[in-house]
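J.: One structure follows; several queries about it will come next.
The values are calculated or read from the model by the stated rules, or taken from the named source; none is laboratory data. Because the structure is a prediction, the values reported are computed rather than measured. Quick reminder, even Gly has a Cβ in these numbers, built from the backbone with ideal geometry, and neighbours come from all protein chains shown. Accessible surface areas use protein heavy atoms only, side chains included; no ligands, DNA or RNA. Shrake-Rupley method; radii C 1.70, N 1.55, O 1.52, S 1.80 Å.
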Amino acid sequence: ETRQGAVEQFVHRFLDGMPGVGAGQRRPYERGFIRRYMLDQAEVKVFTAPHLSADSYRDACRSALDYAATCGQAWDLAIIQIDEASHMYSGDDDPYLVTKSMFMKRQVPVQEVTIEKMTTQPGELAYILSDISLAVYAKLGGTPWLIPSDNTIAHELVIGLGSYHATNSRIGSAERFVGITTVFSGDGRYMRESRAAAVQ
């Protein structure tokens, strides 16, 4: 199976679900994103990066943005497929960060998924898709859940943190960087910013 075929199959499963996957009565992703959140049918277009370099991803992103501008439309969501190995790169060398930056500047929400996750066995993939669909729904402006609020507190935030270890070699010492990945208000609204600096 080609990489593009794997991506297209993943998007199909994400949107339409995996009705036959699960054990017993448990079907973790039976309904799919569209039916789960009662959304209109999605129009999908794939823009391929011929290489796994940041420059190649940048060109594919430009093609997607140019296509939307030509059609007089705006993208509702960009799903960016990367390889797990891409996490080794940083800054302008990171295909995901480069692409995310370009889309976020145009107010297009972004969801990253590695090819390794996309090609996971169906039983595990159903749970991965359930988590991804919740994150995407929030990024599209939906309210996936509510936290019981304390009326004495003016504002409540739920902050997601991410980290990675940067190293120049496999045997060298590593530096740990931590940054904010997601922010929700206490009423479940997704709040995003186009950039969040990582700190040591």
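J.: Output the number of the condition that MET88 fails; it satisfies all remaining conditions of (1) without any contact (Cβ under 8 Å) to a residue 12 or more places away in the chain; (2) among the hydrophobic types (A, V, I, L, M, F, W, C); (3) open to solvent by less than 80 Å² (accessible area, probe 1.4 Å).
T.: (3)
J.: Another question, then. Would you check which residues across region 74-100 are out of contact with any helix residue (DSSP H, G or I) (no Cβ under 9 Å at 6 or more places or on another chain) and either polar (S, T, N, Q) or not in a helix (DSSP H, G or I) (or both) and list them?
T.: ASP76
J.: If the requirement is being open to solvent by less than 90 Å² (accessible area, probe 1.4 Å), in a helix (DSSP H, G or I) and among the basic types (Lys, Arg), which of these qualifies: ARG62, ARG58, ARG35?
T.: Step by step, each of ARG62, ARG58, ARG35 is checked, and only ARG58 is open to solvent by less than 90 Å² (accessible area, probe 1.4 Å), in a helix (DSSP H, G or I) and among the basic types (Lys, Arg).
J.: Starting from region 1-12, keep only residues that are among the hydrophobic types (A, V, I, L, M, F, W, C), then list their pairs with residues that are surrounded by 14 or more Cβ atoms within 10 Å (Cβ to Cβ) whose Cβ atoms are within a distance under 6 Å, requiring at least 6 positions of separation or different chains.
T.: That search, which allows pairs on different chains as well, returns ALA6/MET118; ALA6/THR119; VAL7/GLN81; PHE10/MET118.
J.: Also: If a residue must be assigned to a helix (DSSP H, G or I) and surrounded by 14 or more Cβ atoms within 10 Å (Cβ to Cβ), how many such residues does region 101-124 contain?
T.: 7
J.: For THR143, all conditions in the list (1) open to solvent by 30 Å² or more (accessible area, probe 1.4 Å); (2) part of a loop (DSSP other than H, G, I, E, B); (3) under 29 Å from ASP59 (Cβ atoms) hold save one; what is the number of the exception?
T.: Failed condition: (3).
Matching residues to (1) at pLDDT 70 or above; (2) more than 25 Å from ILE80 (Cβ to Cβ):
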residue	(1), (2)
MET118	yes, no
LEU129	yes, no
SER133	yes, no
HIS165	no, no
ARG170	no, yes
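J.: Follow-up question, since we're still on this one. If I ask for residues that are open to solvent by less than 90 Å² (accessible area, probe 1.4 Å) and either touching a His at 6+ places or on another chain (Cβ under 8 Å) or more than 30 Å from ASP93 (Cα to Cα) (or both), which ones from region 38-55 would you list?
T.: LEU39, ALA42 - these are the residues of region 38-55 that are open to solvent by less than 90 Å² (accessible area, probe 1.4 Å) and either touching a His at 6+ places or on another chain (Cβ under 8 Å) or more than 30 Å from ASP93 (Cα to Cα) (or both).
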